[in-house]
Structure formats: C-alpha cells, structure tokens
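Scroll down for the structure; my scribbles are underneath it.
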Ligand SMILES: Cc1ncc(COP(=O)(O)O)c(C=O)c1O
C-alpha cells in the first residue's frame, strides 16, 4: 500500500483497468452498420463470425453462442450424461467450468494441478477415475495447453469423452494442433477480458458435425435447424421444437465486434507476447513466482500473466499485494481461488482445499497483472514500477 507521503504510481483518473479490450474503429463501424441494418439478433454477421473462427481453428464449422458458459453447458448436454455420471476437471478454474457439469446433471470431480504449468495433473486425474467417470474437462489455464498426450491416453483407456475449456486458449497449440480440436468439443469465450472480446460471447467446436448440430439446436430453444432464419427475406419459416433447449444464441451485434477482433487476433497475440517478455525481464530477481515459460512444441496464448506472492518470501501477503496495486491505480485479478475454497462446493460435495494442495497454494498466492494488447509502453512500465514498489514496502 502506498504509505503516507507516498504518491501512487498512476493517478486515480488514469486507473489501469484489468483486461480492458483493444477496440478499434473497425468494430465500432461494424456495430453501427449492424444497428442501421435493422438485424440485431442472430443473422448474417454471426454466420460470418462462425465461418471465420472455424477457418482460424482449421475446423469444418463452429457454433456461436452467448458465452463460454453456454458452450460448456451445451457440450456436456450433448454427451447425454446420466445422473451419477462423473466428469473430472481441474480444481483451479473459473466456477463456470464446474457449474456446467452440475447443470448438465452430472457429478463434478476435481483433480489437482501441476505446480509449474497450473494445468490438470494427469497423474492425479488417473487417481480420481471411478467406474462412473464419463468425461474429462481440461482447462488450458492462462492459455497454456494441457498435457493432451497424457489426457487423451487416459480418455482412450477408459472410454471417456473430452470437453476442452478453451476460455483462455484461442491461439493455443499443442504439438502443432490447435486447442479445442482435441476433444469431442472445444469451448471458447469472448468475454470482455478475453483474447477476442465481444462483450459477452462464446464459440463451440466439435469433432463430429452431428454433435455440433445437436448443440446448436439445444442452444436455440431446441428448435429445428436454422430456426433463426424464420424472419428472413426468404419468407416466414415454420420451425419444430425437437428438444427442450436453452436460449444461448449470439447476436449479430456481438458478432460485429468479434469479426474484427478475430482479424487482429495474431497481431494482439504478438503484442501480448512482447509485454509478457518485458514482464519476465523486469520482474525476474524480485521475490515473486513468475509464470513458467511455454513448453517445447506448444504455443501459449498469453492470456494471463500470473505472479505468485508467497508472504514468506515477498514480505507481503497476496491480499495486501492486491490492495497495494489497486492503491497504485493498477487493476489486478485473481485466477483463481481454488474451487474447494467456495462455500457452495464445500457444502455440496464435501470438498476440502487441502485435498488439492497445488491448486490451494496457487489460489492463495496468485495475482494476475494487466496483459491487454491495449497497454502502452508507459502502462507496462507503470505495472512494473507498482509491483517493484509494493515489494519494497514489503521488506
Ligand atoms: C476457464 C474459464 N472457463 C469458463 C469461463 C466462462 O466464460 P464466459 O464468461 O464466456 O461464460 C471463463 C470466463 O472467465 C473462464 O475463465
């Protein structure tokens, strides 16, 4: 915390918002054109965005939805899980990953993470398999690919389906293959802080076209294929309800932003990679844990730059560190408190943080610092200065 007489690194009116998206004129113009077109809901721009995303991922097709949470829910519903079926996921993830399993009527089972990669530890996954295990749900944490060779080997041995939570992993690759194309489904997020932002939004990839078609129907009330076209210029189309579905469709207004965000996905990745390297160089030597470098043969999406603040080394606890950064007018995040720290899961499933020691420790020490492609050189220097100053005060 800046002490008395200490001035914050940035002024209050220049507060550096964590994860602010880099929105440019092209998005603004496309949104205005969408508004003027009179077609705000699901329509031609969503179709364009789906096609562009599928091409970027080298997939045959993609289905746009209104969040990654929706994508995860639809993917799991399409697996036709039965009550009591178990789905194994990581203890270090956003609550949406676990909630999707619950809402699909299955039982979530957590496995611990590897302390360096912060991704699902395949050894612990193996330990958690029971005769009721039906699926694995790896999360490519911070944009770093999971050990897909090991996880797919486990899935193959036990006949498990795989749903990849790619909320952080649009640009991620593992041994030349793109994240979201390993599993039965890949689920992506375009939430405001994500690498491609549409405000709210998500995308589904599926290995089998019929699975994607089923998820699409479930995502639009369970109405028969292409029901969104019913008010189009081809004349009114009747639809049939073939399932009890949900309202998870993306709007053209969101796709208008996404189309142009996706055009800059690689340029933005390069900018974040440069910031990442700058943080690595500038923060090395401070009493902090820095993220591990990318593994050979992989591409990290550089979605989050996570520090580990161990009070014994840093002289300041994680929560005090968060407060100090905020007092310097730098926005920070926590990704994430381990899932068993939350009361609902503890009370419902009897989970205890100590049973997932790596996720517990990381969750209690982690701090994400800004990594948006929007950051200027001065912004990055301010973040470094604020981290350095915060640790000096901790000594
Ligand atoms: C790992 C992970 N999974 C799922 C989600 C849910 O994404 P959305 O906000 O698009 O529903 C998030 C979003 O923060 C996430 O970080």
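Geometric descriptor of the chain, per residue, is 140 Å³ (volume of the convex hull of the Cα atoms).
In percent, how large is the relative contact order of the stretch 1-147, given Cα pairs closer than 8 Å and 6 or more residues apart?
Result for the stretch 1-147 is 17 percent.
Working from label points 7 Å from Cα in the Cα-to-Cβ sense, the residue 208 to residue 377 distance is 5.4 nm.
Mean sequence separation of contacting Cα pairs (under 8 Å, at least six apart), scaled by the length of the stretch 153-277, corresponds to a relative contact order of 19 percent.
For the chain, the relative contact order works out to 23 percent when only alpha carbon pairs closer than 8 Å and six or more residues apart are counted.
Could you sort 336-348, 367-379 so that the peptide with the highest average Cβ count within 10 Å comes first and the rest follow in order? Each step should come with its number before you reach the end.
On the way: 336-348: 17.1, 367-379: 18.8.
Ranking, from highest mean packing down: 367-379, 336-348.
Here the stretch 1-52 was treated as a single set of alpha-carbon atoms; its pair distances binned every 5 Å from 0 give 4, 13, 14, 16, 12, 8, 7, 7, 6, 6, 5, 1 percent. Multiplying each eigenvalue of the alpha-carbon gyration tensor of the stretch 49-92 by 5 and taking the square root yields semi-axes of 26, 12, 10 Å, largest first, rounded to whole angstroms.
Beyond 21 Å, how much of the Cα-Cα pair distribution for the stretch 226-291 remains, as a whole percent? The calculated P(r) of the stretch 226-291 puts 60 percent of pairs beyond 21 Å.
Hydrodynamic radius of the stretch 274-395 by the Kirkwood approach over all distinct alpha-carbon pairs: 15.5 Å. Oblate is the label for the stretch 168-210, because the ratio a/c of its alpha-carbon gyration tensor axes (a ≥ b ≥ c) is 1.5 or higher and a/b is not greater than b/c. Beta bridges assigned by DSSP with both partners in the chain are antiparallel in approximately 55 percent of cases.
Specify whether the C-alpha gyration tensor of the stretch 200-258 places it in the rounded, prolate or oblate class, a ≥ b ≥ c being the square roots of the eigenvalues: rounded for a/c under 1.5, otherwise prolate if a/b is larger than b/c and oblate if not.
Oblate, because a/c is 1.5 or more while a/b does not exceed b/c.
Spacing of the modelled spin labels on residue 60 and residue 352, each 7 Å from Cα toward Cβ, amounts to 4.9 nm. Annotation: extensible slack from residue 80 through residue 284 equals 68.6 nm (criterion: 0.36 nm per residue apart, minus Cα-Cα distance). Per residue, the convex hull spanned by the alpha carbons of the stretch 249-338 comes to 181 Å³. One decimal place: the segment residue 150-residue 15 gains 44.3 nm when fully extended, by the rule 0.36 nm per residue minus the C-alpha distance. Fully extending the segment from residue 263 to residue 326 would add 19.4 nm, taking 0.36 nm per residue of separation and subtracting the current Cα-Cα distance. Can you classify the stretch 1-149 as rounded, prolate or oblate using the Cα gyration tensor, where a ≥ b ≥ c are the square roots of its eigenvalues, rounded means a/c under 1.5, and otherwise it's prolate if a/b beats b/c and oblate if not? Verdict is oblate for the stretch 1-149. When shorter helices are ignored and each DSSP H run of at least 4 residues is given -39500 (n - 2.57), the per-residue value for the chain at 222 nm works out to -11500 deg cm²/dmol.
No value in this document is a laboratory result; all are computed from the given coordinates. This structure is a prediction, so every number in the text was calculated from the model and none was measured. Positions of Cβ are backbone-derived with ideal geometry, glycine not excepted, and every protein chain shown enters the neighbour counts.
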